[in-house]
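Notes follow the structure.
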Amino acid sequence: MRFARMMLMAALVAGTGMVLAQDKRPDARLAFSSTSFGLLVGYQQGQGALEFQGRKYPFTVSGIKGLTLGIAKVDALGQVYRLRELADFTGRYIAVEGGLTVVQGGGHAVLRNEKGVMLYLQNVQYGLDLTLGGGGIDIALTEPADASASAAMPGAPAR
């Protein structure tokens, strides 16, 4: 019973933050694709792009979730709130979730990191997946391929 109360409170707090955040224009937008698989404990890995202040920044997504069974591909689009600096985007995002996907499904998720950045995601899942727990995802920015090439060239302007 205590666990159910904690899950309900977490969902209410996340929902309240989502409503307050969506009263204003998002600070950035993102899109990513990932694949997840699990047998009690699940793992997710993928990549995407963040559009922030007129530029696109590639990133990777990886994470672990509890009480899951199956395999699924996830395509997500989202809005980012409370993002002031690009460095605040990276980190671990926590989510409480539950769902069932049989062939195709979808839903919404609200995630928040330790810096207060909130992601409101709309996703479509393909596969067979049952998730009853929560988990987290780690987001890390990656260097675009052309940035490493220009940094290696003598006389190339620094970014």
Exercise for the section: Tell me, please, whether a residue that is surrounded by 15 or more Cβ atoms within 10 Å (Cβ to Cβ), more than 20 Å from S36 (Cβ to Cβ) and at pLDDT 85 or above can be found in segment 116-131. Expected result: yes
Practice task
Scan segment 100-112 for residues that are under 24 Å from K73 (Cβ atoms) and either at pLDDT 85 or above or not in a strand (DSSP E or B) (or both) and report the count.
Solution key: 2
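I'd like to verify a number: residues in segment 32-77 that are among the small types (G, A, S) and not in a strand (DSSP E or B), how many? If you could, list the steps in order and put the result at the bottom.
Residues of segment 32-77 among the small types (G, A, S): 33-34, 36, 38, 42, 46, 48-49, 54, 62-63, 66, 70, 72, 76.
Still in the list and also not in a strand (DSSP E or B): 54.
Number satisfying all stated conditions: 1.
Looking at segment 70-89, which of the residues that are surrounded by fewer than 15 Cβ atoms within 10 Å (Cβ to Cβ) and of a type outside the set (D, E) is farthest from A28 (Cα to Cα)? Walk me through it before giving the result.
We begin by selecting, within segment 70-89, every residue surrounded by fewer than 15 Cβ atoms within 10 Å (Cβ to Cβ); these are 77, 84-87.
Pick out the ones that are also of a type outside the set (D, E) and you get 77, 84, 86-87.
On the way: L77: 11, R84: 10, L86: 10, A87: 13 Å.
Ranking the qualifying residues of segment 70-89, first place goes to A87.
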Exercise for the section: Report yes if S62 is buried (at least 18 other Cβ atoms within 10 Å of the Cβ), touching a residue at least 40 places away in the same chain (Cβ under 8 Å) and of a type in the set (S, T, N, Q), otherwise no. Expected result: no
Problem - Verdict on V80 being at pLDDT below 95, β-branched (V, I, T) and either over 27 Å from R55 (Cβ atoms) or assigned to a strand (DSSP E or B) (or both) - result: no
Completion exercise
Scanning segment 133-157 residue by residue, the ones that are farther than 17 Å from T35 by Cα and at pLDDT 75 or above total 3
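Do we have any residue at all in segment 115-122 that's outside any strand (DSSP E or B), closer than 26 Å to E51 by Cβ, of a type in the set (G, A, S) and more than 17 Å from the chain's Cα centre (by Cα)? I'd like the intermediate steps shown before the answer.
As a first pass, look at segment 115-122 and keep what is outside any strand (DSSP E or B): 115-117.
With closer than 26 Å to E51 by Cβ added as a condition, the list becomes 115-117.
Within this subset, residues satisfying the condition of being of a type in the set (G, A, S) are 116.
Filter once more, keeping what is more than 17 Å from the chain's Cα centre (by Cα): none.
Within segment 115-122, none of the residues are outside any strand (DSSP E or B), closer than 26 Å to E51 by Cβ, of a type in the set (G, A, S) and more than 17 Å from the chain's Cα centre (by Cα).
The values are calculated or read from the model by the stated rules, or taken from the named source; none is laboratory data. Here the structure is a predicted model, which means the values were calculated and not measured. Here Cβ is always computed from backbone atoms with ideal geometry, including for glycine, and neighbour counts include all displayed protein chains.
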